[in-house]
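The values are calculated or read from the model by the stated rules, or taken from the named source; none is laboratory data. Computed from a predicted model, the values in this text were never measured in an experiment. Cβ placement follows ideal geometry from the backbone for every residue including glycine, while neighbour counts extend to all protein chains displayed.
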């Protein structure tokens with residue numbers, strides 16, 4: 001994994017790579033979390049995008065749904 005990019009300003013809509021940097025997980029894990037409905041995401045054509053504000057709120061809320069998915 002490359003050096004995280006979260007130290008600089010991220011755009012309002014994130015790619016999977018940017019979301020993985022924000023969450024500090026690998027890109028395949030981001031896709032799995034989105035597929036399972038654990039993290040908020042939207043489809044734009046074939047691409048999956050992530051709202052930075054919604055991900056930050058999800059983090060602030062303690063990652064709701066993540067513990068249940070890991071059981």
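Filter the range 47-71 for residues that are closer than 11 Å to residue 33 by Cβ, modelled with pLDDT under 90 and within 14 Å of the chain's Cα centre (by Cα) and give the result. Selection gives 63, 65, 66.
In a residue-by-residue description of the range 6-14, the property of being modelled with pLDDT of 90 or more and surrounded by 14 or more Cβ atoms within 10 Å (Cβ to Cβ) applies to at least one position.
Yes or no, residue by residue, for (1) touching a helix residue (DSSP H, G or I) at 6+ places or on another chain (Cβ under 7 Å); (2) surrounded by fewer than 14 Cβ atoms within 10 Å (Cβ to Cβ); (3) in contact (Cβ under 8 Å) with a residue 12 or more places away in the chain:
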{"residue": "18", "(1), (2), (3)": "no, no, yes"}
{"residue": "21", "(1), (2), (3)": "no, no, yes"}
{"residue": "33", "(1), (2), (3)": "no, no, yes"}
{"residue": "37", "(1), (2), (3)": "no, yes, yes"}
{"residue": "45", "(1), (2), (3)": "no, yes, no"}
{"residue": "49", "(1), (2), (3)": "no, no, yes"}
{"residue": "58", "(1), (2), (3)": "no, no, yes"}
{"residue": "65", "(1), (2), (3)": "no, no, yes"}
